[in-house]
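The values are calculated or read from the model by the stated rules, or taken from the named source; none is laboratory data. Note that this is a predicted model, so its numbers are computed, not measured. We place every Cβ from the backbone using ideal geometry, glycine too, and count neighbours over all the protein chains shown. Side chains are part of the model used for accessible areas, which takes the heavy atoms of the whole protein and leaves out ligands, DNA and RNA. Shrake-Rupley method; radii C 1.70, N 1.55, O 1.52, S 1.80 Å.
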Amino acid sequence: MSGPARGAGPLDGIRVLDVSTLFAGPLAATFLGDFGADVIKVEHPRRPDAARGHGPSKDGVNLWWKTLGRNKRTVTIDLGTPEGAELLLALAAQADVLVENFRPGTLERWGLGPEALHAANPRLVIARVTAFGQVGPYSSRPGFGSLAEAMSGFAALTGEPDGPPTLPPFGLADGIAALATAYAVMVALRGVDSSGHGQVVDMAIIEPILMLLGGQITAYDQLGTVQPRTGNRSVNNAPRNVYRTGSGEWVAVSTSSQSIAERVMRLVGRPDVVDEPWFASGHSRAEHADELDSAVAAWIAARPTDEVVDEFERAQAAISRVYDVRGVVSDPQYQAIGTVQTVDDDELGPLRMQNVLFRLSETPGAIRWTGRRHGADTESVLGSIGLSPERIAELRDRGVV
């Protein structure tokens, strides 16, 4: 088998070596592969990416890997051996991007640091994704997205005011870092077009999530304020919360704009508050959240979910049902924009997963294939850099590939 067929896309012609593990690095490579990049997933012959064992499986087949590994060819190489390092340098010579997330110094110890990689390919973009970055007192520490969620201040903001800080039950910081890494790679590739030479992207997982937490650093610097935990409420607007309907289901209401806030309060029978001086801004409304929440909660609790949603829509006020995955896959809006895609898999048959991140009118992305077996494309990938079947078999017998 020569490997899965490649399809045209806006990144067709860009080759990415994904030598990272778990989530932030591999997911960044997935985002690039979704839009046509030729992504080669490099894994250890005897220690596959730990993501292959993360989450539920069916018939021994990991399900998260089907999404995380999609649009990637898979090859096995022991990079810690001299011959394995030589193979990676040969692959890097034909690549545009390399994504890695080893602890700082690991690639250098194997003779695969940026100096060696750029000697093999001066135009290579090297994205180094670590918990804490390449320098500093924490750089050599092991770390995962959960530590970034804690260290960034996200956990301190999340949860009820009288409860503990709360970590998300999924890889939030990793996912945000993956998006940032894919963006950084595209910026660096644009730099290659301008300068003719590659560079190193130093991505610390603790940073992108911090950027999304708003202006807290500036507020602390200028005012000395520290944002508290407020549960589902916001310090920037009110009413903003989740509310239980008369059917026992939950809905989310947000009033980030002044006009929406006014519509909500008129709908729930409290037009009087709209004329209060404090209602004129989101921040001052948040200071009266108890009163506003009480009115909205009582109105919603007295009605079934369908009526609540219909009345909010008629009033042109912002509302959403609170879904679990069952709601996501059946929601007509998600269906209309194609968020959930059915893909044929060679092990499990048709399966559903998240579609590519966004829609391009002229050069759309696509799920060309799902995550492949460990090392499925080793022969074709190594054959492309001149290794004979006999040489590959010899390296396999010795555990190099």
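Structure notes:
- Residues being farther than 14 Å from residue 264 by Cα and touching a residue at least 24 places away in the same chain (Cβ under 8 Å) - total across segment 288-305: 6
- Residue under evaluation residue 305, criteria (1) under 30 Å from residue 48 (Cα atoms); (2) touching a Lys or Arg at 6+ places or on another chain (Cβ under 9 Å); (3) hydroxyl-bearing (Ser, Thr, Tyr), criterion not met: (1)
- Some residue of segment 147-154 being in a helix (DSSP H, G or I), in the same structural domain as residue 23 (by the TED database) and surrounded by fewer than 16 Cβ atoms within 10 Å (Cβ to Cβ): yes
- Residues located in segment 293-308, provided they are in a helix (DSSP H, G or I) and surrounded by 15 or more Cβ atoms within 10 Å (Cβ to Cβ): 293, 295, 296, 297, 299, 300, 305, 308
- Number of the exception - residue 58 against (1) surrounded by 18 or more Cβ atoms within 10 Å (Cβ to Cβ); (2) of a type outside the set (S, T, N, Q); (3) touching a residue at least 60 places away in the same chain (Cβ under 8 Å): (1)
- Any chance residue 123 is modelled with pLDDT under 95 and either of a type in the set (Phe, Trp, Tyr) or part of a loop (DSSP other than H, G, I, E, B) (or both): no
- Matching residues, segment 191-231, being open to solvent by less than 40 Å² (accessible area, probe 1.4 Å), in a helix (DSSP H, G or I), in the same structural domain as residue 113 (by the TED database) and of a type in the set (Gly, Ala, Ser): 191
- Pairs, first more than 15 Å from residue 216 (Cα to Cα) and in contact (Cβ under 8 Å) with a residue 40 or more places away in the chain in segment 147-162, second part of a loop (DSSP other than H, G, I, E, B) and among the hydroxyl-bearing types (Ser, Thr, Tyr), C-beta under 6 Å, six or more apart: 159/166
- Out of 131, 188, 177, one residue alone is over 17 Å from residue 23 (Cβ atoms), touching a strand residue (DSSP E or B) at 6+ places or on another chain (Cβ under 9 Å) and open to solvent by less than 20 Å² (accessible area, probe 1.4 Å). It is 188.
- Single match in 79, 17 (criterion: in contact (Cβ under 8 Å) with a residue 24 or more places away in the chain and within 17 Å of residue 200 (Cα to Cα)): 17
- Scanning segment 367-401 for residues that are among the hydrophobic types (A, V, I, L, M, F, W, C) and crowded, with 17+ Cβ neighbours inside 10 Å gives 367, 369, 376, 381, 382, 387, 392, 395, 400, 401.
- Conditions (1) touching a residue at least 40 places away in the same chain (Cβ under 8 Å); (2) open to solvent by 30 Å² or more (accessible area, probe 1.4 Å); (3) within 30 Å of residue 316 (Cβ to Cβ); (4) part of a loop (DSSP other than H, G, I, E, B); number of the one not met by residue 234: (2)
- Among the candidates 261, 252, the residue that is within 29 Å of residue 163 (Cβ to Cβ), assigned to a helix (DSSP H, G or I) and not assigned by the TED database to the domain that holds residue 154 is uniquely 261.
- Condition met for residue 123 (surrounded by 15 or more Cβ atoms within 10 Å (Cβ to Cβ), under 18 Å from residue 174 (Cα atoms) and basic (Lys, Arg)): no
- Given (1) open to solvent by 50 Å² or more (accessible area, probe 1.4 Å); (2) modelled with pLDDT of 95 or more; (3) out of contact with any Asp or Glu (no Cβ under 6 Å at 6 or more places or on another chain), index of the condition residue 167 fails: (3)
- Of the strands (runs of 3 or more DSSP E) that lie entirely inside segment 309-364, those containing 1 or more residues that are open to solvent by 90 Å² or more (accessible area, probe 1.4 Å) and in contact with a helix residue (DSSP H, G or I) (Cβ under 7 Å, 6 or more places away or on another chain) span 349-354.
- Residue match in segment 73-95 (condition: touching a Ser or Thr at 6+ places or on another chain (Cβ under 8 Å) and surrounded by fewer than 17 Cβ atoms within 10 Å (Cβ to Cβ)): yes
- Condition met for residue 31 (in contact with a helix residue (DSSP H, G or I) (Cβ under 8 Å, 6 or more places away or on another chain), under 21 Å from residue 342 (Cα atoms) and open to solvent by 10 Å² or more (accessible area, probe 1.4 Å)): yes
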